[in-house]
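Here is the structure we will look at.
Throughout, read-outs are computed from the coordinates displayed, never taken from laboratory work. Everything numeric here is computed off the predicted structure, so don't read it as measured data. Positions of Cβ are generated from backbone atoms using ideal geometry, with glycine treated the same way; all protein chains shown enter the neighbour counts.
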Amino acid sequence: MNIEAMSLMELAPFAAGLVFTGLIAGILAGLLGVGGGIVIVPVLYHVFTLLGIDEGVRMHLAVGTSLGTIILVSIRSVRAHAQKGVVDWQMLRDWALPVLAGVVLGTGVAAWVSGDALTGVFATIALVVAANLAFGKESWRLGSQLPSKAVQYPVAAAIGGLSALMGIGGGTFGVTFMTLYGKNPREAVATSAGLGVLIAVPAMIGFVWAGWNDPRLPPFSIGYVNLIGLALIMPLSILAAPWGATIAHAISHKALIRAFALFLALTSLQMFYRLFG
């Protein structure tokens, strides 16, 4: 699929699919208090599948585009949390280099592996996240305070690497790690928003480089980042998030979390089926 070969009529379904992605991502983020790639990547993957994007670049494009959308959202989020004084800036400074090292490694792996391998990574970790959401308990603790830097730094690097591979902002892993060691959930969420900026900017640049001039990419793509996706998903997800938040007040939070866990699990299983079915 390339821009020279496409008419406006052929481009319209592609844009419509991205509009749908932005709206669904925003609603789910507002409903569940989650955001970034853990919502956007699977929705984009399904949309790209329906639109017939080449299977060899489908997952790379979903991950790279997701990383691009995370940047603005993470900046807005961390600024809002900073105004309330709940961001642990010292922790972000301590984690910056390990996270960056992990992102560089993760992006390098993503550039080297096939689309099937990248899909397998996302599907595997998404299934683990789904199980944690479905069966995990807020009371679970590994300690009352964060472990030593000798433990934190490898964890930070792993969070950066896995997040780059999955196209997410790190909140899924960061919040879990911090709360398991007794950090206040609000501080954990706020600090993880800062991780999103540290992860998404270099990872997106890496995905642009990795996919540069790939002939299988859809129109208006710079490497594995689709500019139409950025232009449509970011504002629409921000617009739709309050709609989801409104719905969330009328529905059991536990039921919502389990529903999202089911969504992730089904997405993961569908990806596995496409890989091995």
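Which one, V129, V73, S139, projects farthest toward the positive side of the charge dipole computed for the chain from Cβ point charges (K/R +1, D/E -1)? Highest projection toward the positive end goes to S139.
Estimated from the Cβ-Cβ distance and a Förster radius of 30 angstrom, the FRET efficiency linking V86 and L262 is about 0.45. Between the alpha-carbon centers of region 43-98 and region 153-187, tell me the distance in whole angstrom. Computed from Cα coordinates, the inter-centre distance equals 13 Å. Among L146, L227, L236, the largest mean-square fluctuation in a Gaussian network model of the chain, built with springs joining Cα atoms closer than 10 Å, belongs to L146.
Of the residues A200, V189, F263, the one whose Cα sits farthest towards the positive end of the charge dipole of the chain is V189 (charges of +1 on Lys and Arg Cβ, -1 on Asp and Glu Cβ, taken about the Cα centre). In summary, the lysines within cross-link reach of K84, defined as a Cα separation below 20 angstrom excluding same-chain residues under 8 places away, comprise K183. Could you check which residue among G244, G194, G56 shows the biggest mean-square fluctuation in a GNM of the chain with a 10 Å Cα cutoff? Most flexible of the set in this elastic network: G56. Given a Förster radius of 41 Å and the C-beta distance between L11 and A117 as r, what FRET efficiency does 1/(1 + (r/R0)^6) yield to the nearest 0.05? Taking R0 as 41 Å, the efficiency between L11 and A117 is 0.85.
Only Cα sites of region 38-80 enter the Debye sum here, all with the same form factor; the resulting log10 I(q)/I(0) across q = 0.22, 0.24 1/Å is -0.68, -0.75, listed in q order.
Per residue, the convex hull spanned by the Cα atoms of the chain amounts to 121 cubic angstrom. With both labels modelled 7 Å from their Cα along Cα-to-Cβ, the S144 to R79 distance reads 3.9 nm.
Comparing F173, F135, F263 in a Gaussian network model of the chain (Cα springs below 10 Å), the most mobile by mean-square fluctuation is F135. For I222, the residues whose amide H sits under 5 Å from its own are L227, ignoring neighbours fewer than 5 places away on the same chain, with H placed 1.01 Å from N.
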